[in-house]
1. By how many nm would the segment from A:GLU216 to A:VAL13 lengthen if fully extended, with 0.36 nm per residue of separation less the alpha-carbon distance?
2. Note down the Stokes-Einstein diffusion coefficient of region A:96-239 in µm²/s, whole number, using a Kirkwood radius over alpha carbon pairs, 37 °C, and 0.692 mPa s.
3. Taking K and R as +1 and D and E as -1, what net charge do the other residues with C-beta under 11 Å from the C-beta of A:VAL228 add up to?
4. Please compute the modelled spin-label separation between A:GLN87 and A:ILE172, points set 7 Å along Cα→Cβ, answer in nm with one decimal.
5. On average, how many beta carbons from a partner chain sit within 10 Å of the beta carbon of a residue in A:212-220?
6. Sorting check: for A:280-286, A:107-113, which peptide has the highest mean count of neighbouring beta carbons within 10 Å, and how do the rest follow?
7. So which aspartates and glutamates can A:LYS302 reach, going by Cα to Cα under 19 Å and dropping same-chain residues fewer than 8 places off?
8. At 4 °C and 1.567 mPa s, what whole-number value in µm²/s does Stokes-Einstein give for the translational diffusion of region A:229-328, with Rh from the Kirkwood sum over Cα pairs?
Amino acid sequence: MIPFWFVCLVVIVVVTIATTVAYLVYRKGLVLNIYLSALPAMGLLVVIVWWSASNNDSIIRFAVTSVINTAIATGSIIFLNRLVIRQVQTHVQNLVASTAQLSALAQQSASTAAEQAATVSQVTSTVDEINQMSKVSTSSSQEVVQSAGTAVDQSAEGLETIINTRKIMDQIAEAGEIIDLVNELAEQSNLLAVNAGIEAAKAGDFGRGFAVVASEVRNLAEQSKEAVRQIRESIRRTEEGKRSIVDLEHLVKRLSDVLDENSEKARQISSASVQQSAGIKQINDAMKNVEQGGRDTASVAKQIEESVAALKDLGQSMTRMMGSKVTA
Amino acid sequence: MTLTILDQRALSVSKPRYQKKADVAMRSLVFELNSQRLAVPVEQVDQVIHEPLVTPLPGTPDFMPGVLNKKGEILCVVNISPWMGAPPSEEVAYVAVVTYKGRKLALAVDRPVEFRDLSAEELREIQTDDDASTAPLFLNVTTDLVAIIDLPTLFQYADIRKANITHRGVRTTMEEIS
């Protein structure tokens, strides 16, 4: 029969070893509660063994068997816990590393979003300026359209005036035929005056009065011829002016055609300018939306960064809780 | 004194404008031919005709572009341009019908210019060589270079019967032909 004191000694040794292992495991950061919870059970077991030893030897065998089984179970639990904790530590380390990368990406994204927002803001400002310039251009093109229309109207009026002037000059040229008739009459009058003067000269002193009349008639004929000559000169100048007027008429017609084309092109430019202004306004609105989206993206990136930081802190906390010296 | 002036003025005003000046030697008709001014005594001019219908005749001398019919009277048209050293113009603008001793001829001119009273003071004789075989056509010339045609000489030169003509390729006169 095994003495009781030996049984007690064995139990004490086993409990001591188990406690030591538990302490070592605790130092390694493993689960403490398991051993802490095992200590009352072992104490209860010692009481039971002590009570059994005082009554029956089979109790001692039961106690030894229980102690051995408890030790084996405790070792298995400790081993499994150790294995699980190692895996958790690995995952937590991966998580911390991932959060670091995620944090860097979030920061980069936030920075990119901020730069994008700044760029978009500049583009929006430029588009605003372009929009203002487009409005000014539209207004100017409309003024050009009005001016071109006025020029076309004035050109048409000028052309009409030129045509009327040319018609008047044609009538003046027709008057040249009448001038030829007047010149012929003046020639005949001159000839009659000459012949009258000859007859007066033949009449001697009796014809001297008639000679004076003939001389005056001849002077009138000469004055008529001189007037005809001056009128012919005026008509000749009018003919030259008519040629210039005809050239001017052709020139004004070409000018009028060019003004018509310019007016049409000005209208097209004005229409295109209006469409351009509308397009720029749409671009401006779109850029504002993009700018707002960039700001939202930056805000979201900031939130992601904060969330990642919190996740990183959580991972580090878990690492510390598990007693690991894992660093991010 | 005052009355004398007024009398003189009254006489001057009442004086006929056509009163012949005492120093007028000749009243002439001045006309233009080849840019030269010529004159004939107006008493010897019968009529001036504008653009007469001149009928050319074959075998006539150069100075005679043809004949014209003046109220049934056939007149020789004489152009003195060849005697002035200029070619005769083909068209006759005016003719002055001149008379001398009952004979008439139509003197071709470019245009009549004026009637002019020529004084003896402004008439200059034309100097000719003593050896000249023919008499000069121009009798006098005025100080402003109006040449006075000597009508007897003109009629002598323009006598077609004595003028040199070409008949059957032979240089002859109408008198010799007849």
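No value in this document is a laboratory result; all are computed from the given coordinates. Bear in mind the structure is a predicted one, so any value in this text is a computation, not a measurement. Glycine also receives a Cβ, built like all others from the backbone with ideal geometry; neighbour counts cover every protein chain displayed.
1. Result: 55.2 nm gained on full extension.
2. The calculation lands on 135 µm²/s.
3. -3
4. Distance between the two pseudo-spin positions: 11.9 nm.
5. 1
6. A:107-113, A:280-286
7. Cα-Cα hits under 19 Å: A:GLU115, A:GLU291, A:ASP313.
8. My calculation gives 59 µm²/s for D.
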